[in-house]
Amino acid sequence: MNVLITGETGYIGSHTTVELLKNGYSVVGMDNYSNSSPDVIGKIEALSGKKFKAYECDMLDFGGFEKIFKENSIDAVIHFAGLKAVGESVTKPLEYYNNNLTGTLNLLRLMKKYGVKRIVFSSSATVYGMNNKAPFTEDMPLSTTNPYGSTKLMIEQMLKDICAADKDFKAALLRYFNPIGAHPDGLIGENPNGIPNNLMPYITKVAVGKLPFLRVFGDDYPTPDGTGVRDYIHVCDLASGHVKALEKLGSIDGARAFNLGTGRGSSVLDVVKAFEQASGVKIPYKIIERRPGDIATCYADCSRAKNELDWEAKYTLADMCRDSWNYIKKNP
């Protein structure tokens, strides 16, 4: 099977590409390298022992995008590419709607034109909004609190509508919780440009002295230590979830949502302590005011993924912290 991966050098895209190549899939990758680097291609090939075709292309460049479909016989798509910072989306909503929605519309137009009817979509737990109680299940009411989450929800709806109109079209909507960790070999991991938006890359930048302290947004939530509780999942578990979803796409009826998490919640301070134990480095932090739109507790019910995809997370929080530290030590 020949799989097009949009955003293949990004954090989750790169780990998934390794997993697909190791499982015998042929991969065609595309990325504009806005938040990654073409150097990752060689690292993916080194980890998998396989070569793959990679294109530098932006989803908004319809002509460049179509060239990929013209030059390759694509059987399925895994769609990662998009802007992904919640806070930035609030200050730059137009850019997020244009990039994430227009880019996806271009992809779906090309899939229709070239007869590609299978897609695994990188969605997010942000679609559960503010009003559901953990653990989150896939059939809960959906809502969003920021433009980034709104683009994910709108794309989910697009795929549901396409599946309703074409019974042969199959879509797996993978709702991620909080990916952290890195490949155990330390070659690839999370390395965002600028000041990180997510907890683990912020912690690692503090650990290597690039940032003075970790900012913890609020310690007055109704949680065991007052800090926000999230479902942290190892990026390699997430990658294996995409391979399982791709394997099972043929038996999925229309568009089907799946939570990918561990089913367990860890607080911000739990993660800090686990990282300190894994690294031997003290992480200074300061409590600051809550971020608007943050909820107290968010973790997944993953029983649907276990029952229908034969997938469940295997790595522990200690594993995630160990691999994050190993990656940052090797790639300071």
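No lab work stands behind these numbers, since they all come straight from the coordinates. Fair warning: this is a prediction, and the values are worked out from it, not measured in the lab. FYI the Cβ positions are ideal-geometry reconstructions off the backbone, even for glycines, and counts take in every protein chain you see.
Given a Förster distance of 51 Å, report the FRET efficiency between ALA164 and LYS314 from their Cβ-Cβ distance, rounded to the nearest 0.05.
Values: r = 35 Å, r/R0 = 0.69.
Plugging the Cβ-Cβ distance into 1/(1 + (r/R0)^6) gives 0.90.
If amide H atoms are built 1.01 Å from N in the plane of the peptide, which residues on other chains or at least 5 residues away come under 5 Å of the amide H of ALA255?
ALA171
Amide H to amide H, which residues 5 or more places from TRP311 or on other chains are under 5 Å from it, using H placed in the peptide plane?
Counting only residues 5 or more places away or on other chains, the set is LYS306.
What is the angle, in °, between the Cα long axis of helix 147-165 and the longest principal axis of the Cα atoms in the chain? Nearest 10 is fine, range 0 to 90.
Helix 147-165 sits at roughly 30 degrees to that axis.
How large is ³J(HN,Hα) for each residue in region 277-294, as worked out from phi by the Karplus curve 6.51 cos²θ - 1.76 cosθ + 1.60 (θ = phi - 60°), to whole Hz, x for Gly and Pro?
Rounded to whole hertz, the list is 5, 6, 9, x, 10, 6, 10, x, 9, 10, 7, 10, 5, 4, 8, x, x, 7.
So for region 105-229, if I pair up every lysine 8 or more residues apart or on another chain, how many of those pairs have alpha-carbons under 22 Å apart?
Lysine pair count for region 105-229: 15.
Quickly work out the ARG290-to-LYS330 label distance, labels modelled 7 Å from Cα along the C-beta direction, and quote it in nm with one decimal.
4.0 nm
At a threshold of 8 angstrom on Cα-Cα distance, excluding pairs fewer than six apart, so keeping six or more, what relative contact order does the chain reach in percent? Don't jump to the answer; show the numbers that get you there.
Working: 664 pairs, mean separation 62.9, N = 332.
Once normalised by length, the contact order is 19 percent.
Roughly how many nanometres apart are two label points built 7 Å out from the Cα toward the Cβ at LYS282 and LYS112?
Going from the LYS282 label point to the LYS112 one covers 6.0 nm.
Can you tell me the order of 22-32, 133-143, 181-191, 1-11 when each peptide is scored by its average per-residue count of other Cβ atoms within 10 angstrom, highest first?
So the order, starting with the most tightly packed, is 1-11, 181-191, 22-32, 133-143.
List the residues whose amide H sits under 5 Å from the amide H of PHE80, counting only those 5 or more places along or on another chain, with H placed 1.01 Å from N in the peptide plane.
THR6
Are there trypsin sites (Lys or Arg not before Pro) in region 49-101 that DSSP marks as loop and that have at most 13 other Cβ atoms within 10 Å, and which are they?
The qualifying sites are LYS51.
For the residue pair LYS92 and LYS51, what label-to-label distance in nm results when each label sits 7 Å from Cα along the Cα-to-beta-carbon direction?
Calculated label separation equals 3.6 nm.
Which one, LEU142, PRO179, SER123, is farthest towards the positive end of the dipole of region 120-211 when Lys and Arg carry +1 and Asp and Glu -1 on their Cβ?
PRO179
Compute and list, largest first, the equivalent-ellipsoid semi-axes of the chain from the alpha carbon gyration tensor, each √(5λ) rounded to a whole angstrom.
Rounded to whole Å, the semi-axes are 31, 23, 19.
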